[in-house]
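Undergrad: Take this structure first; my questions come after.
The values are calculated or read from the model by the stated rules, or taken from the named source; none is laboratory data. As the structure is a computational prediction, the values presented were derived from the model and not from experiment. Cβ placement follows ideal geometry from the backbone for every residue including glycine, while neighbour counts extend to all protein chains displayed.
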Amino acid sequence: MSYRSRSSAAVLSASIFSLVLINLAFAEMSCTDVKYGNPNYSEKMDELAKRAGLPDNYWSRYHESVVSSLCSGNTKEINMLIDNGFVKPEEVQGIAKVLGKTYKSKQRSETGKSYGYSKEKFLEMGACSACADNIAQYYTKKPNSPCGKLAKQALEGNPDAIKKLVEFPDYCQWKY
């Protein structure tokens, strides 16, 4: 390795190290502070919600999943939560900043947008929350299935399809 290459590598290493230190220096809370099961868990999550600028300083089970995923490095889970509309990218960024973690948000996919939109519509039709989730899974991921087809008819305004969908037939139970 030439002198120039070693010098460049050293500068790059120093830069990365300083960025990590800067991130840690700006961390307002640690993962240990918001680890589920800690005695002050709720109070620490309330504090995190406030510092992260979550809407109305409120945290949900989805925010808990973001915290857990950030602390374990599971960005796939966070991407899914954002894509399906459970959390907003700016909420994740706020949480990451408070915890001193780095996370780069991805854009929501068309499937993710469709899932979020259709789930809301199924809720408005009268489906229970879990039912609406299951139906939206079929509608977006298996549109040619019996449930996907029924969901499409319901979204098009077919009253018989809406009634049948809200009754939540067995073939609409998503297998997670």
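Undergrad: Could we say that ALA127 is outside any helix (DSSP H, G or I), in contact (Cβ under 8 Å) with a residue 12 or more places away in the chain and within 19 Å of ILE162 (Cα to Cα) here? Break it down into steps so the answer makes sense when it comes.
TA: Working: outside any helix (DSSP H, G or I): yes; in contact (Cβ under 8 Å) with a residue 12 or more places away in the chain: yes; within 19 Å of ILE162 (Cα to Cα): yes.
The answer is yes for ALA127.
Undergrad: From (1) of a type outside the set (Lys, Arg); (2) touching a Pro at 6+ places or on another chain (Cβ under 7 Å); (3) modelled with pLDDT of 95 or more, pick out the condition that doesn't hold for ASP170.
TA: So ASP170 meets the others, but not (2).
Undergrad: Here's another thing I want to ask about it. From the list LYS175, LYS113, which residue is of a type in the set (Lys, Arg) and either at pLDDT 95 or above or farther than 27 Å from GLU90 by Cα (or both)?
TA: Every option except LYS175 fails the conditions.
Undergrad: Six or more apart or on different chains, Cβ under 7 Å: which pairs go from a residue in the range 139-160 that's within 11 Å of SER118 (Cβ to Cβ) to one that's modelled with pLDDT under 95 and of a type in the set (Val, Ile, Thr)? Could you list them?
TA: THR140/THR111
Undergrad: Sticking with this structure for a sec: Within the range 67-119, how many residues are in contact (Cβ under 8 Å) with a residue 60 or more places away in the chain and surrounded by fewer than 16 Cβ atoms within 10 Å (Cβ to Cβ)?
TA: Total satisfying the criteria: 1.
Undergrad: Something else: Would you say ALA136 is surrounded by 14 or more Cβ atoms within 10 Å (Cβ to Cβ), under 21 Å from PHE86 (Cα atoms), in contact with a Leu (Cβ under 9 Å, 6 or more places away or on another chain) and in contact (Cβ under 8 Å) with a residue 12 or more places away in the chain?
TA: When the stated conditions are applied, ALA136 does not pass them.
Undergrad: Now for a separate question. Filter the range 156-170 down to the residues that are in a helix (DSSP H, G or I) and either charged (D, E, K, R) or surrounded by 11 or more Cβ atoms within 10 Å (Cβ to Cβ) (or both), then identify the one that is farthest from the chain's Cα centre (by Cα). Write out each step before concluding.
TA: Going through the range 156-170, the residues in a helix (DSSP H, G or I) turn out to be 159-166, 170.
With either charged (D, E, K, R) or surrounded by 11 or more Cβ atoms within 10 Å (Cβ to Cβ) (or both) added as a condition, the list becomes 160-166, 170.
Working: ASP160: 34, ALA161: 30, ILE162: 28, LYS163: 31, LYS164: 30, LEU165: 26, VAL166: 26, ASP170: 27 Å.
The extreme case among them is ASP160.
Undergrad: Tell me, which helices (runs of 4 or more DSSP H) lie completely within the range 1-109 with 2 or more residues that are among the basic types (Lys, Arg) and modelled with pLDDT of 90 or more?
TA: Per the criteria, 41-52.
Undergrad: Considering each residue of the range 130-151, count those that are part of a helix (DSSP H, G or I), out of contact with any Phe, Trp or Tyr (no Cβ under 7 Å at 6 or more places or on another chain) and over 13 Å from PRO169 (Cβ atoms), and give that number.
TA: Result for the range 130-151: 4.
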